[in-house]
């Protein structure tokens with residue numbers, strides 16, 4: 001393995017190092033002094049950004065993993081294979097970061113293994129815990145061929161390849177369950193959440209929105225890595241993905257509005273409150289604007305247009321998760337939650353670590369290219385492109 | 001077999017002497033210190049309203065079907081036969097979902113500790129199991145907090161309202177909140193003016209998530225079957241595509257050779 | 001409150017990235033970073049991992065021609081020859097024939113570019129590639145092409161050459177002697193354009209195929 005260039009300091013590397021260092025320091029402080037001294041969590045606000053951002057957003061962005069894996073392996077749409085590995089890597093790193101965030105947030109992290117032997121199947125948190133454990137394992141296995149190829153472990157590789165399809169199917173089931181169960185966590189809090197976000201279909205809303213966000217993430221990551229590694233962007237593929245995003249956003253918007261109407265909560269939308277403001281930001285900035293942008297063919301076939309639309313989808317998704325977990329439980333002005341410096345540092349440090357790990361693996365392992373003996377498989381999609389292009 | 005016990009707290013009778021707070025701290029070996037709300041070191045708190053003329057006790061409601069019991073992933077909470085909802089720190093992993101889930105916002109956390117525990121009223125479990133009553137009910141000089149079987153307390157509350165319809169709001173708080181609680185309240189002033197959450201479902205709250213959770217195995221099996229099926233169909237299509245690709249490639253090569 | 005904070009953080013990072021990216025754009029668009037071979041007719045070749053090559057036109061050509069609104073690409077499976085005209089690029093009423101940098105057989109046309117020809121202008125070395133060719137004599141032909149640093153120097157040279165070409169036409173010159181490249185095609189006369197094409201894109205009677 002050649003690690004050339006690993007010590008060359010670039011702007012973003014410097015930013016990442018600073019963020020990781022402060023995050024690490026803040027994490028140490030949290031373990032040394034406890035949650036009360038280092039966070040702004042309190043009895044009336046027990047969950048903060050470590051749950052609202054690190055976990056809800058982290059898991060949601062990993063949704064690209066199951067969507068693309070299902071597209072390629074289950075639906076047999078082979079032309080998406082070039083972006084399969086990077087998306088699986090994103091998902092895997094996302095889940096590792098979720099676990100890291102969880103270790104910071106849990107009051108008694110050394111007892112986390114209790115989840116394995118002490119069962120309470122009536123708890124949504126029980127489902128969440130098992131999905132995290134199982135799906136992280138599945139993602140590790142799905143990504144393992146990259147590592148195994150690198151070290152030429154042919155026998156193990158063959159075993160993994162043989163179980164690919166069951167693995168992917170298990171991954172899809174676990175991932176959808178996990179996404180929805182994160183929404184179900186909030187089903188049990190009807191009284192305390194603002195009616196703009198509490199709904200009995202919240203698990204369903206979580207699944208729809210994570211598909212849009214996961215796909216937006218594949219677009220963003222494709223652009224960032226093309227810039228970082230001088231690769232070409234798979235523009236036709238991403239343009240196709242953006243059409244799917246349009247449909248998903250439309251579905252999400254319809255379901256969301258119908259839900260508000262059926263609960264007679266539409267009246268809260270235009271009230272002059274903090275919550276309705278955040279709701280409008282979430283829906284207009286994060287759903288309607290990217291939807292309109294991506295409807296235009298010009299935006300879909302331009303790099304910058306795609307990229308910024310995807311960023312908007314991502315912003316909308318982050319807003320939805322944070323609003324569900326935090327904004328909906330805030331009351332202006334007596335019950336507000338602003339994260340502490342340490343909470344912010346840990347979160348930013350984790351995100352920086354995720355980007356760094358992605359860059360490292362992508363640079364030194366074969367993430368973007370397909371393996372040599374798989375070349376035959378990639379070629380399968382070429383006839384489709386040939387016929388597609390021959391309309392002269 | 002013990003009958004489920006409970007407390008009836010008649011706000012009209014409370015004189016605001018804070019004896020319940022003192023007795024609770026003493027019985028549970030908590031520090032006697034001023035507080036502004038429930039906390040890890042204060043399991044019941046007497047809050048005053050209307051210029052210190054009305055006093056309302058805050059404490060764990062000990063629901064019949066507690067949200068915390070269903071929410072905790074490791075089952076650290078149990079509803080005991082006395083009616084008390086108890087917490088077992090040896091299981092807890094510290095996720096605070098119980099605090100988030102509780103409709104009455106009762107469980108409190110030891111934020112300052114490095115091995116934080118959840119703290120809340122235990123409805124004097126050991127005293128009741130030993131045949132006694134709760135420390136707060138025993139200490140109350142005005143009879144505002146009375147201890148008894150939940151069934152008897154409901155009858156008693158009903159009787160008090162019927163005997164003095166003008167003196168009470170015709171509502172027993174806790175009779176049906178969250179499917180019923182072991183702690184019941186009577187008041188002369190509407191409950192919403194005394195900080196009681198009134199939007200709590202009148203059914204057991206765990207049902208809200210169980211409706212979804214109970215579908216999970218069915219979904220997993222159905223999704224598995226569906227996905228394998230789709231894969232079986234598309235795998236055949238991929239074979240065909242591979243064959244055609246092979247044909248086309250051969251055509252290109254032949255064309256070039258000619 | 002923290003929802004606002006999260007959104008603000010992401011937006012700030014995006015803006016920083018945008019500012020940094022725009023100041024670096026020039027180097028990123030350079031053909032030298034990924035190994036490309038430039039043909040003196042202002043077209044390029046890039047090898048792909050499966051042995052085929054991608055073919056496109058260079059930055060100089062796209063800016064000289066202006067916004068591209070149409071492409072006439074060779075048919076699939078057709079032979080193309082190094083140094084012979086293989087496709088035409090349209091800008092308004094003018095069609096510019098261009099020579100192919102390698103010999104081989106066309107195995108794919110870039111569908112994205114056919115639907116959006118202006119992609120050639122925005123990304124001449126990336127998504128604006130035109131055809132995928134299965135080359136017949138690649139190793140030998142690569143010797144006729146320019147790559148690496150000398151490719152950059154040669155492109156700079158072409159710009160200087162363009163300046164000399166128009167030195168008699170002050171209307172098209174900047175004060176410092178550079179040529180106003182934008183919409184050049186619209187501004188020079190028909191004969192001038194004919195001469196320009198033959199001089200820079202190496203198109204004459206000999207190179208016209210069939």
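The values are calculated or read from the model by the stated rules, or taken from the named source; none is laboratory data. Worth saying up front: this structure is predicted, and the values here are computed from it rather than measured. Cβ placement follows ideal geometry from the backbone for every residue including glycine, while neighbour counts extend to all protein chains displayed.
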Subset of the range C:91-125 [in contact with a strand residue (DSSP E or B) (Cβ under 7 Å, 6 or more places away or on another chain), more than 25 Å from residue C:136 (Cα to Cα) and away from chain A (no Cβ under 14 Å)]:
C:95, C:96
Within the range A:103-165, helices (runs of 4 or more DSSP H) holding 2 or more residues that are within 11 Å of chain B (Cβ to nearest Cβ)
A:114-117, A:124-150
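Per-residue answers, yes or no, for (1) without any contact (Cβ under 8 Å) to a residue 40 or more places away in the chain; (2) on the phi > 0 side of the Ramachandran plot; (3) under 23 Å from the mean Cα position of the chain (by Cα); (4) within 14 Å of chain A (Cβ to nearest Cβ):
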{"residue": "B:98", "(1), (2), (3), (4)": "yes, no, yes, yes"}
{"residue": "B:103", "(1), (2), (3), (4)": "no, no, yes, yes"}
{"residue": "B:114", "(1), (2), (3), (4)": "yes, no, no, yes"}
{"residue": "B:124", "(1), (2), (3), (4)": "no, yes, yes, no"}
{"residue": "B:128", "(1), (2), (3), (4)": "no, no, yes, no"}
{"residue": "B:160", "(1), (2), (3), (4)": "no, no, no, no"}
{"residue": "B:165", "(1), (2), (3), (4)": "yes, no, no, no"}
Within the group B:118, B:93, which residue is in contact with a helix residue (DSSP H, G or I) (Cβ under 9 Å, 6 or more places away or on another chain), within 14 Å of chain A (Cβ to nearest Cβ) and touching a residue at least 24 places away in the same chain (Cβ under 8 Å)?
B:118
Tally up the residues in the range A:230-267 that are farther than 21 Å from residue A:201 by Cα and in a loop (DSSP other than H, G, I, E, B), please.
5
Counted residues, the range A:326-335 - those being more than 9 Å from chain C (Cβ to nearest Cβ) and assigned to a helix (DSSP H, G or I):
2
Output the number of residues of the range B:165-186 satisfying the condition of being farther than 18 Å from residue B:63 by Cβ and either in contact with a helix residue (DSSP H, G or I) (Cβ under 9 Å, 6 or more places away or on another chain) or surrounded by 23 or more Cβ atoms within 10 Å (Cβ to Cβ) (or both).
5
Give the number of residues within the range A:299-319 that are within 9 Å of chain C (Cβ to nearest Cβ) and within 30 Å of residue B:101 (Cα to Cα).
4
Note on the range A:206-234: residues under 20 Å from residue A:321 (Cα atoms) and without any contact (Cβ under 8 Å) to a residue 60 or more places away in the chain are A:207, A:208
With respect to residue B:137, is the statement that it is surrounded by fewer than 24 Cβ atoms within 10 Å (Cβ to Cβ) and not in a loop (DSSP other than H, G, I, E, B) true?
yes
In the range A:230-263, residues that are more than 14 Å from every other protein chain (Cβ to nearest Cβ) and more than 19 Å from residue A:305 (Cα to Cα) total 12
All but one of (1) touching a residue at least 24 places away in the same chain (Cβ under 8 Å); (2) more than 8 Å from chain B (Cβ to nearest Cβ); (3) crowded, with 18+ Cβ neighbours inside 10 Å hold for residue A:184; state the number of the condition that does not hold.
(2)
In the set C:128, C:157, the lone residue that is away from every other protein chain (no Cβ under 11 Å) and either in contact (Cβ under 8 Å) with a residue 60 or more places away in the chain or within 14 Å of residue C:40 (Cβ to Cβ) (or both) is C:157
Of the conditions (1) buried (at least 16 other Cβ atoms within 10 Å of the Cβ); (2) touching a residue at least 12 places away in the same chain (Cβ under 8 Å); (3) within 8 Å of chain A (Cβ to nearest Cβ), residue B:234 satisfies every one except a single condition; which number is it?
(2)
Assess whether residue B:205 counts as being surrounded by 17 or more Cβ atoms within 10 Å (Cβ to Cβ) and at the interface with another protein chain (Cβ under 9 Å from one of its Cβ atoms).
yes
Number of positions in the range A:23-49 that are touching a residue at least 60 places away in the same chain (Cβ under 8 Å), assigned to a helix (DSSP H, G or I) and either more than 19 Å from residue A:192 (Cβ to Cβ) or within 13 Å of chain B (Cβ to nearest Cβ) (or both):
9
Do you know which residues across the range A:275-298 are more than 10 Å from chain C (Cβ to nearest Cβ), in a helix (DSSP H, G or I) and either without any contact (Cβ under 8 Å) to a residue 40 or more places away in the chain or under 22 Å from the mean Cα position of the chain (by Cα) (or both)?
A:279, A:280, A:283, A:284, A:287, A:288, A:289, A:290, A:291, A:292, A:293, A:294
So residue A:227, is it farther than 25 Å from residue A:139 by Cβ, part of a helix (DSSP H, G or I) and modelled with pLDDT of 90 or more
no
In the range B:23-75, what count of residues is obtained for those that are surrounded by fewer than 15 Cβ atoms within 10 Å (Cβ to Cβ), away from chain A (no Cβ under 14 Å) and over 29 Å from residue B:202 (Cβ atoms)?
9
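So if I check each of A:80, A:66, A:53, which one is within 12 Å of another protein chain (Cβ to nearest Cβ), more than 16 Å from residue A:140 (Cβ to Cβ), touching a residue at least 12 places away in the same chain (Cβ under 8 Å) and in contact with a helix residue (DSSP H, G or I) (Cβ under 8 Å, 6 or more places away or on another chain)? If you could, list the steps in order and put the result at the bottom.
Numbers: A:80 fails: within 12 Å of another protein chain (Cβ to nearest Cβ); A:66 fails: more than 16 Å from residue A:140 (Cβ to Cβ).
Result: A:53 is the single residue among A:80, A:66, A:53 that is within 12 Å of another protein chain (Cβ to nearest Cβ), more than 16 Å from residue A:140 (Cβ to Cβ), touching a residue at least 12 places away in the same chain (Cβ under 8 Å) and in contact with a helix residue (DSSP H, G or I) (Cβ under 8 Å, 6 or more places away or on another chain).
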Would you check if residue B:241 is under 30 Å from residue C:79 (Cβ atoms) and either within 13 Å of another protein chain (Cβ to nearest Cβ) or touching a helix residue (DSSP H, G or I) at 6+ places or on another chain (Cβ under 8 Å) (or both)?
yes
Does residue A:20 count as assigned to a helix (DSSP H, G or I) and without any contact (Cβ under 8 Å) to a residue 40 or more places away in the chain?
no
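Give B:188, B:159 a once-over and let me know the one that is part of a loop (DSSP other than H, G, I, E, B) and out of contact with any strand residue (DSSP E or B) (no Cβ under 6 Å at 6 or more places or on another chain). Steps first, please.
Working: B:159 fails: part of a loop (DSSP other than H, G, I, E, B).
On inspection, the qualifying residue turns out to be B:188.
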Of these, A:64, A:52, which one is assigned to a helix (DSSP H, G or I), buried (at least 19 other Cβ atoms within 10 Å of the Cβ) and at pLDDT 90 or above?
A:52
